[in-house]
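The values are calculated or read from the model by the stated rules, or taken from the named source; none is laboratory data. Owing to the predicted nature of the structure, the values given are computational and were not obtained by experimental measurement. All Cβ positions, even for glycine, are placed from backbone atoms using ideal geometry, and neighbour counts span all protein chains on display.
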Amino acid sequence: MSLTARDLLHKLAKDTGIDYSILAKRVNSDIKKGKSFLDSIRIIASDKGLNPDRYLLDSRKIAIEVKAILQDDYSQTLMISAVLAQMVEARGKQHYPVPAFLAYLEILYSISENDFTIQSDPPEDIDGTTTRIIELTTSLVSLVCRWNDDGIVGIAKSCPDELRELAKAVYRKTRMLQNGLWTCISCGKIVMVSDTRALMCLECDGQFSDDSSLTTFHRERERVGYGRTERGDSIE
Ligand SMILES: [Zn+2]
């Protein structure tokens, strides 16, 4: 089964004989009109006489895969986290969408520190693994959140129960960002976007240079109070 939107688009391109980039454009324009990624894919498949049930993505499997990659190698995860944080701030082709990064962080925060494996060998293919994480997380948010032309507008109806908290956190924090607020990825404090550096509040950014551990990305879990999605906080 395909795990990412790109895998699925490639499969559809192969099965229909339609060029990948033409398909991608058509799907993008469908999404802008308010269709979900999967609905668009499945309608194209049906139009071409293919069985739409063969074109599915399972958000649960995607989340499990991301978690497995992150747990597998502590130092690799540390490197990927740093690269992704830079890519969120980058413009143009290198830009990593904020909702996908928020989903990444939610999965990262869900792993307890003892569950990371420390590998003795240095990671072999950081670029490849980073690309894989980017594709998995962007696919994940496209599935669990509801989108329109303005971006995320809620939680997808089809979002499975075990991913609703993640989807809520992504939605809520993305909306905060649209209002000029950002949750520091280190301490979880809510600050003005203009008062951040490398996605952290200025205090944490000042400390970051001597703190090269995942703790930086983990402190938010221990924090109490504002900044995290409260249970029962309904947004539909
Ligand atoms: Zn901070």
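Does the range 19-26 contain any residue that is surrounded by fewer than 16 Cβ atoms within 10 Å (Cβ to Cβ), free of Cβ contacts under 8 Å to residues at least 60 places away in the same chain and of a type in the set (Asp, Glu)? Yes, that holds for at least one residue. Residue-level analysis places residue 126 outside the set of residues that are within 19 Å of the chain's Cα centre (by Cα) and at pLDDT 95 or above.
Within the span defined as the range 50-70, every residue fails to be more than 23 Å from residue 159 (Cβ to Cβ) and part of a helix (DSSP H, G or I). Going by the conditions given, is residue 57 in contact with a strand residue (DSSP E or B) (Cβ under 9 Å, 6 or more places away or on another chain) and under 28 Å from residue 175 (Cα atoms)? No; evaluated as a whole, the condition is false for this residue. Of the helices (runs of 4 or more DSSP H) lying entirely inside the range 101-211, those containing at least 3 residues that are away from the ligand (no atom under 16 Å from the Cβ) are 126-144, 164-178. The single condition among (1) surrounded by 15 or more Cβ atoms within 10 Å (Cβ to Cβ); (2) not in a helix (DSSP H, G or I) that residue 34 does not meet is (1).
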